[in-house]
Amino acid sequence: MPISKIRVADEVWIATALLHREHRHRQDFTVAEILERAQRENLTDSVTLRPAVRAHAAQHCVASKPASPGRYRMLVETSRGRRRLYASSDRTHPDRVSGKSRPRRDEIPSEYHHLLDWYQEHFNPNRSASAADPILSLRGIGTELWADDNADDFVRRLRERWE
């Protein structure tokens with residue numbers, strides 16, 4: 001996967017996860033700290049951070065805030081106005097209940113895969129009943145089959161096969 005293709009939300013999640021790993025005694029981090037860590041990590045090999053990184057760290061990835069526009073729930077705003085990684089027990093705004101809470105393994109560089117394992121162990125140790133539901137766990141499977149396809153074209157091709 002080309003590094004330049006990493007999603008902004010995943011970049012914010014990686015920076016925040018790295019801060020948690022590097023500062024185990026800390027509970028949360030300021031948006032500025034997350035931005036500085038993302039800049040140091042430089043996931044896109046760019047001179048400067050993409051402007052959307054700030055918006056994602058401040059609003060778009062925050063589970064307790066109304067969705068705008070994405071439904072990510074990767075971070076939680078703490079009582080001190082700081083951010084930490086989302087845990088399954090955290091309050092989620094109704095707009096974001098089914099939103100993405102961590103990057104998909106195949107959408108981030110392999111050198112960050114260990115963060116997903118660490119996150120599962122530390123932030124999601126007791127998965128909720130709905131997450132353990134075998135039917136609900138199928139959500140999202142196969143999306144790569146039509147990821148590059150227009151929905152109308154996909155449906156039209158399916159209907160052509162019915163004849």
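The values are calculated or read from the model by the stated rules, or taken from the named source; none is laboratory data. Treat the numbers as computed from the prediction; the structure is a model and nothing was measured. Quick reminder, even Gly has a Cβ in these numbers, built from the backbone with ideal geometry, and neighbours come from all protein chains shown.
Taking only segment 1-34 into account, find how many residues are over 19 Å from A63 (Cβ atoms) and not charged (D, E, K, R).
Looking only at that region, the number is 9.
Within segment 15-33, which residues are in a helix (DSSP H, G or I), loosely packed, with under 15 Cβ neighbours inside 10 Å and without any contact (Cβ under 8 Å) to a residue 24 or more places away in the chain?
Of everything in segment 15-33, those that are in a helix (DSSP H, G or I), loosely packed, with under 15 Cβ neighbours inside 10 Å and without any contact (Cβ under 8 Å) to a residue 24 or more places away in the chain turn out to be E22, A32.
Yes or no: R102 outside any loop (DSSP other than H, G, I, E, B), touching a residue at least 60 places away in the same chain (Cβ under 8 Å) and touching a strand residue (DSSP E or B) at 6+ places or on another chain (Cβ under 9 Å)?
So R102 fails the test.
Quick check, is A38 touching a residue at least 60 places away in the same chain (Cβ under 8 Å) and either within 20 Å of D117 (Cα to Cα) or hydrophobic (A, V, I, L, M, F, W, C) (or both)?
Taking the combined requirement at face value, the residue does not satisfy it.
Can you name every residue in segment 94-121 that is aromatic (F, W, Y) and either surrounded by fewer than 20 Cβ atoms within 10 Å (Cβ to Cβ) or touching a Phe, Trp or Tyr at 6+ places or on another chain (Cβ under 7 Å) (or both)?
Selection gives Y112, W118.
Quick one: which of R54, R50 is under 17 Å from A9 (Cβ atoms), surrounded by fewer than 18 Cβ atoms within 10 Å (Cβ to Cβ) and either modelled with pLDDT of 95 or more or in contact with a helix residue (DSSP H, G or I) (Cβ under 7 Å, 6 or more places away or on another chain) (or both)?
R50
Please go through segment 34-47 and pick out each residue that is exposed (fewer than 15 other Cβ atoms within 10 Å of the Cβ), of a type outside the set (D, E, K, R) and at pLDDT 90 or above.
Passing the criteria: only N42.
From the list S79, S46, S88, S64, which residue is outside any helix (DSSP H, G or I), within 15 Å of the chain's Cα centre (by Cα) and over 17 Å from W118 (Cα atoms)?
Unique residue meeting the criteria: S64.
Can you run down the residue pairs with Cβ atoms below 9 Å, 6 or more apart or on separate chains, where the first is in segment 72-95 and under 22 Å from H25 (Cβ atoms) and of a type in the set (D, E, K, R) and the partner is at pLDDT 90 or above and exposed (fewer than 13 other Cβ atoms within 10 Å of the Cβ)?
Here the result reads R80/Q27; R82/Q27; R84/R26; R84/Q27, each pair linking segment 72-95 to a residue that is at pLDDT 90 or above and exposed (fewer than 13 other Cβ atoms within 10 Å of the Cβ).
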